[in-house]
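Step one of this worksheet: look at the structure below.
The values are calculated or read from the model by the stated rules, or taken from the named source; none is laboratory data. Predicted model only: the values in this text are computed from it and were never measured. FYI the Cβ positions are ideal-geometry reconstructions off the backbone, even for glycines, and counts take in every protein chain you see. What goes into the accessible areas is simple: the full protein's heavy atoms, side chains included, and nothing from ligands, DNA or RNA. Shrake-Rupley method; radii C 1.70, N 1.55, O 1.52, S 1.80 Å.
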Amino acid sequence: MIPIRTDSIVGRKRAVARALMMLLVIAGNALAAQPVMAQEPIDSKLPQRQTFVPVADLDVVLTGDREGVLLSRNEFQELYSKALANEVTSPRLPARIVISEADYAAEIAGDHLVVKAAIRLHQFESGWQQLRLPFGQLSIEKATVNGKPAKLGRTQVPAKGKGQPVSILTLLHNQTGDATLELELSALLHASGNDRSAAFQLIPIPSATMKVTTPVGRHLVVGAQSLERPSPIDQPAVYSVPVGGVTSLRLFFNDHQGEQRADSLAFASTGYGLHVSPGEVTWQAKTSLQVFGTTYNQIFCAIPSSLEITHVESTGLESWELSDNPDGTSSTVITLNYRQAFDGGRDMIFRGVMATESGKPWAVPNLTLRNVTSHIGRVTVQHPAAVRVRLAESDGARAATGTVGEQTFDVWREDFNLAFETRTRERELHATVTSLLDLAPTGVTFSAATQVESHFAPLFDVTFRLPAEWRVELIEVDGGSLPWQVSSREAGWNSYRIALSQPLPPGQELSFRFMSVQDLEDWPVEENVADFTLPTVQIPEASIVEGTFVIRAGDDLDLKTVDLFNLDPAPSVAANERLRFFFQQADYEGQLTASRKPSLVSAQSLTFSRLDREVLQSHLQATLDISGGGLRTLQVGLSESAGENLQFHLAGATTRIVEQLPGDVAEGVRLWTLNLDQRVTGQ
């Protein structure tokens, strides 16, 4: 069932009309008959296998009754069984329920005709009885009996001759005496130029009247008879039309007074389904034809000559023939011959194929029918993900919906024009990169973890580029090692190629990471300043590259960035991260300057001495708090009397003194220089 969410009958009926056209391209599961429920779910995609839908079952779906008006299937079946049982056991009567008279009121609401009916009936026999109401081409919007919800459903009755069973609206009632059945019905208005028309079937009631409200500027024609307008043309008019004993009624609303041009009508709606692949289009059209006032035993259709018809099917079809159009146009005429003439509704299904050229526009083949009053439809174009279908031209059609791999258009003219271009999608590679520039005291490294995903075609190898000053030392793919090589050396760039052990299928991800280093003369920075160009990793085949760029360094360095391009600052997520950026393009740029922070040192000294008879013993200790840029060299002054036979050491620290050098004596103090194995901060 096509979902319908609207508060107005007009909006709902438009959705129902679109749903009917979607029915013409049925895919997946066969449609199950539901004679008393609302429509079953219907898939509008082009079928992958042949699906046969009995016409009797399809009629139930095409009625378009409003959901919730009819009884549930189980409830209706229970009451219907009781009514059938009462017919067998109760005394034979000429009629258990009779209709005495009916009043109808019709008016235009948008593109629908809304009909309200008040039907007075009398039941002679107690118990559940059934009353058939042969309304045709009318959808049930609301139904009550004496102000309470009516118990309605649909049953199948045999058609005249060899036709398929038809769906009949059935009322179940169990109260004797008089009752009034009130119905709210609607019918689709068909457009022919400025004229609007509706055709439907009524109950053959001996005494019945229909009051038709016509808007300003419109005249009413009933069948082939033009009625005198009861009000001036600049005011709405209410016509009173006797419909007693009438089973089929045709109403025309036009803007001119005069006789209707023809006494027969034919309305058609076609659903087109196209499956597009490189070099070929599979085409299917399903047409529902409604004929009033005449009978057909032959139907003539025309299609473009570029379309090759492979199959035609229709109920009662005896044969079909193809011939060139005698009017000289580049089209083919399809003649459908039926075993016996028909009126009312009939469905036709056409299937065909058409060749296309890549990159050149092609038009959707449209189906034209001779002598139809109105012909509308819907076009659904499907294509696999690897095929790109672009709308090149549109006339007489408008886009309805669009999803990945499917586009739908509503058409209101039989000679509509929808042209597309078909191209095979080249492989698309999407990459997500997490880059890390690590300014460690032992050296500068640049690494990146990358996830790539291939679309539309498999991936056989991965190629990435780095600035030439960075030397790759490690590459891993999905946590393991694979062969790699430097594939080319361009000016300022090195390209690296990773050969995959097996192709990466479309839609799956591959993860790889690399680590590179750059040799710097004055690293780590002391008094000097280090300037960096932020390195970029480029994946030439990737159409989309996004990710993050992280700079990691110790707190002893000052970092400044300038000339940033395509890099958006982001908050840091780890303790040792100094800077983080987002990028959505691979061509980001930026400069980084690293310098040593000034050192801040505070000292607390402790001296303990003990004088013996012959020896003076002294313990000297200094506790340093070092912050800022830290220290790699420490100078300590001691009294000259301490001599040079001394050994300094750091208590409770992992840092070691690798060299201690005595200096000259000034004013009784010797200055010692202590060189450490690494820069230290803290206590």
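For q values of 0.10, 0.13, 0.14 Å⁻¹, compute log₁₀ I(q)/I(0) with the Debye formula on a Cα-only model of region 437-579, without solvent. Taking Cα atoms of region 437-579 as identical point scatterers yields -0.40, -0.67, -0.77. Cross-linked pairs Lys82/Lys142; Lys82/Lys148; Lys286/Lys360; Lys82/Lys211; Lys211/Lys286: Cα-Cα separations exceed 29 Å for Lys82/Lys211; Lys211/Lys286. For Asp478, the shell of other residues with beta-carbons less than 15 Å away shows a net charge of -3, using +1 for Lys and Arg and -1 for Asp and Glu.
Taking label points 7 Å from Cα along the Cα-to-Cβ direction, Leu620 and Glu182 give a separation of 11.3 nm.
For region 589-683, applying the loop criterion from DSSP together with a ceiling of 15 other beta carbons within 10 Å to the chymotrypsin sites (Phe, Trp or Tyr not before Pro) yields Phe648. The slack in the chain from Thr533 to Ser277, taken as 0.36 nm per residue of separation less the alpha-carbon distance, amounts to 87.4 nm. Near Val550, within a Cβ-to-Cβ distance under 11 Å, what is the net charge of the other residues, with Lys and Arg +1 and Asp and Glu -1? That sum, taken over residues with Cβ under 11 Å, equals +1. Above 17 Å, the calculated P(r) of region 542-683 contains 73 percent of its Cα-Cα pairs. In this simple spin-label approximation, Leu661 and Thr335 carry label points 7 Å from Cα along the Cα→Cβ vector, and these lie 11.4 nm apart. Sorted largest first by accessible area at a 1.4 angstrom probe radius, with every protein chain in place, the residues Arg513, Arg229, Arg656 fall in the order Arg656, Arg513, Arg229.
Sites listed here are chymotrypsin sites (Phe, Trp or Tyr not before Pro) in region 362-427 whose DSSP assignment is loop and whose Cβ has at most 14 other Cβ atoms within 10 Å: Trp412. Given Cα pairs under 8 Å that are at least 6 residues apart, what percent is the relative contact order of region 499-582? Relative contact order of region 499-582: 24 percent. Restricting region 132-239 to trypsin sites (Lys or Arg not before Pro) that sit in a DSSP loop and have at most 13 other Cβ atoms within 10 Å of their own Cβ leaves Lys160, Lys162. The residues of region 297-357 present an accessible area of 50 Å² per residue when probed at 1.4 Å with all protein chains retained.
When the solvent-accessible area of region 177-325 is split by element, carbon and sulfur atoms take up 46 percent of it, the probe being 1.4 Å.
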